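Here is the structure we will look at, set down as structure tokens.
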Amino acid sequence: MFNSVLNLVKKPQMIVGIVIAMAFQIIFSVVWMTGYNGANDRIKDFRIAIVDNDHVMGDQIVQKMKGTMPFQILMADEETARQQLVNREVQMMMIIPTDFTTTLQNPAATAKLLYEINESNPALVKSVMDSTAAMITGIVDREASAIGLKNMLERMSLPSEQAGEAATGLVERVKSETRYINPVDGMNNQMVPMMMVLASFVGAMIMGMNMQQATLALGKRESKWHVFTARVLINIIAALVISLLGSSLVMSLGGQSVEGFISLWLFQSLIVWVFLVFSQLFLIIFGMAGMLFNITLLSLQLVTSGAMIPRQMLSSGFQTMGDFLPATYAAEGLMTIIFGGVNLEKDVLGLVAIAVISIIISAGVTALRTIRPSEDTETELNLNTSAST
């Protein structure tokens, strides 16, 4: 038994497996602990757009918010604010109605503050903004009640019946009314963008590893350009087929898609194709050692894509890294297609640009290789052959 353990541990494939398992622990620990470090402190980078249609009490509310709220407060007209909300440039829009002050002057009336929240975002955005809306309304209500109490004290000569009615009117002077745009139908749909990004990249990474092994097995029997062209064609066909299966399952299990099934399928096909050529780039350059790069990129993309938490909560360094990784555009595009939004063109262009650059670099590396397989890949091939026997 002991000899069996020693013989198994001595196998190169076993050593590689242990190293990869350790790499997952090291890479994910370092990336996630540094990426999410101080994330709660950066919630101040959330933005609230205020449409102030009442320049009496409304101006006081704005000044109060700027002094107490831990967010960036932007002033805008209603059309601009709503467009910023749809574009995910702000996390909430608040409207102070024109008759806000006038309504508060009537002891029998209740004034309203209007809020709009875009659900086509990570779930944390809605949670934080719902709490913020309740907090703002509570602050304004207390301010309005204080003003009403002051006015009532100045009229202490009121009969007891009228004083009681006036005091009752101070209980709740301000209410909130929240409207959600691009609503999400349940937590299962909320998690779809992250699930699709994760499943697509992990699947692409493993498929690329097996394709690399298959390429090594061909040895010198095929031209390097024939093999490269075959990779390109297989990636395109595989992306369409794999995404058809994934999109069909999501929709059949209760998934939503504002843009329809065809748009979801085609966009997921683009995502899978980009992930395939992007992950295979490192395998073409470094051989099977490129898997270590792909494991690192998997962790980085889960952190920086915005599928799990808003990118505003990450440090500037991680936000910049996310701009150069395909998962960022994949997550934003999926949220647009599934929940609603705009600027899908930007996400498509970002994905296509990364894919084209990856293919060009891969072709350049292939062109520079005069002998295939190289000494490194010969070693890998021997390892894989021994593993199969």
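All but one of (1) buried (at least 18 other Cβ atoms within 10 Å of the Cβ); (2) over 18 Å from the mean Cα position of the chain (by Cα); (3) not hydrophobic (A, V, I, L, M, F, W, C) hold for G260, so report the exception by its number.
(1)
Could you tell me which of the residues M335, M313 is at pLDDT below 95 and either open to solvent by 50 Å² or more (accessible area, probe 1.4 Å) or under 17 Å from the mean Cα position of the chain (by Cα) (or both)?
M313
With a cut-off of at least 3 residues that are hydrophobic (A, V, I, L, M, F, W, C), name the helices (runs of 4 or more DSSP H) lying wholly within the range 46-139.
Per the criteria, 57-68, 78-86.
Within the range 182-199, can you find the residues that are open to solvent by less than 20 Å² (accessible area, probe 1.4 Å) and either free of Cβ contacts under 8 Å to residues at least 40 places away in the same chain or touching a Ser or Thr at 6+ places or on another chain (Cβ under 8 Å) (or both)?
The answer is V197, and nothing else.
Please work out if D45 is acidic (D, E) and open to solvent by less than 60 Å² (accessible area, probe 1.4 Å).
yes
Since I147 meets every condition but one in (1) at pLDDT 80 or above; (2) open to solvent by 60 Å² or more (accessible area, probe 1.4 Å), which condition does it not meet?
So the condition that I147 fails would be (1).
On the basis of being in contact with a strand residue (DSSP E or B) (Cβ under 9 Å, 6 or more places away or on another chain) and within 23 Å of V184 (Cα to Cα), does M94 make the cut?
So M94 fits the description; yes.
The values are calculated or read from the model by the stated rules, or taken from the named source; none is laboratory data. For clarity, every value in this text was computed on a predicted model and none was experimentally measured. All Cβ positions, glycine included, derive from the backbone under ideal geometry; neighbour counts span all protein chains shown. Heads up: the accessible areas ignore ligands, DNA and RNA and are worked out on the full protein's heavy atoms, side chains in. Shrake-Rupley method; radii C 1.70, N 1.55, O 1.52, S 1.80 Å.
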